Amino acid sequence: GSVVASYPYDDSPTHRPTGVYSKSADDEVFKYLAKAYASHHPIMRTGKPNCPGEEGETFPDGITNGAQWYDVEGGMQDYNYMWANCFEITLELSCCKYPPTSELPKEWENNRESLLAFIEKV
């Protein structure tokens with residue numbers, strides 16, 4: 001896990017594991033939606049999730065192009081964009097895939113304003 005808003009494409013023509021910006025035709029719209037979410041999240045907006053084992057990982061403005069972060073062939077957000085004309089972003093909300101129940105109220109507080117801002121933009 002991480003704390004970042006990722007947008008298409010997740011796959012790239014070269015299939016290099018990381019570092020390839022795979023720009024979609026709607027790249028500016030995707031960046032706008034991702035920033036709308038990230039800019040209201042107290043951790044995501046810093047661009048420094050500080051996840052254990054990935055302490056040096058950074059995401060400018062708390063967002064990333066999927067393939068630039070890591071290449072994923074056959075991902076859902078790319079599929080939905082290409083075949084269903086659905087503008088989907090992926091939200092990584094925690095370093096921990098399954099946070100303990102005791103942390104859920106804090107996660108809600110971290111994400112509430114981001115969710116509202118995202119809904120307003122959509």
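The values are calculated or read from the model by the stated rules, or taken from the named source; none is laboratory data. Source: prediction; values computed, not measured. Glycine also receives a Cβ, built like all others from the backbone with ideal geometry; neighbour counts cover every protein chain displayed. SASA here: full protein model, heavy atoms, side chains in, ligands and nucleic acids out. Shrake-Rupley method; radii C 1.70, N 1.55, O 1.52, S 1.80 Å.
Take the Cβ-Cβ distance between R16 and E109 as r, set R0 to 35 Å, and report the resulting FRET efficiency rounded to the nearest 0.05.
Details: r = 38 Å, r/R0 = 1.07.
Approximately 0.40, to the nearest 0.05.
Which Cys residues of the chain have no other Cys beta carbon under 4.7 Å away?
Within the chain, the cysteines lacking a partner Cβ under 4.7 Å are C86, C96.
With a 1.4 Å probe and all protein chains left in place, how much of the accessible area of the chain comes from carbon and sulfur atoms, in whole percent?
56 percent
Working with all protein chains in place, sort V122, V3 by solvent-accessible area computed with a 1.4 Å probe, largest first. Numbers along the way, then the final one.
On the way: V122 125, V3 10 Å².
Descending order: V122, V3.
Go through [x] 110, 9, 7; [y] 23, 17, 13; [z] 32, 14, 13 and flag the label whose value is the computed semi-axes √(5λ) of the Cα gyration tensor in Å for this structure.
For semi-axes √(5λ) of the Cα gyration tensor in Å, the calculated option is [y].
Skip the ligands, DNA and RNA, and give the accessible area per residue of the chain with a 1.4 Å probe, whole Å².
Using a 1.4 Å probe on heavy atoms only, each residue of the chain averages 60 Å².
For K35, which aspartates and glutamates qualify as cross-link partners when the Cα separation must be under 19 Å and same-chain residues fewer than eight apart are set aside?
Within the straight-line cut-off, K35 pairs with D10, D26, D27, E57, D61, D78, E88, E92, E107, E109, E113, E120.
Given labels modelled 7 Å from the Cα in the Cβ direction, how far is it in nm from V29 to E54?
Each label point lies 7 Å from its Cα, and together they span 2.7 nm.
Using a Gaussian network for the chain with springs between C-alpha atoms less than 10 Å apart, which of these wobbles most: A38, A25, A67?
Looking only at A38, A25, A67, the biggest GNM fluctuation is shown by A25.
Mean-square fluctuation check for the chain, GNM, Cα pairs under 10 Å: which of S24, S102, S39 is largest?
The residue with the greatest mean-square fluctuation here is S102.
Between L104, L93, L33, where does the largest GNM mean-square fluctuation fall for the chain, given springs only between Cα atoms within less than 10 Å?
L104
Place a point 7 Å from the Cα of E88 along the Cα-to-Cβ direction; which residues of the range 21-38 have their backbone N under 16 Å from it?
Output list for this probe position: 30, 34.
Round to the nearest 10 and report in Å² the accessible area of Y7, as given by a 1.4 Å probe over the protein chains' heavy atoms.
Y7 has an accessible surface of roughly 10 Å² with all protein chains in place.
Round to the nearest 10 and give me the degree value, 0 to 90, for the angle of helix 27-38's Cα axis relative to the longest principal axis of the chain.
10 degrees
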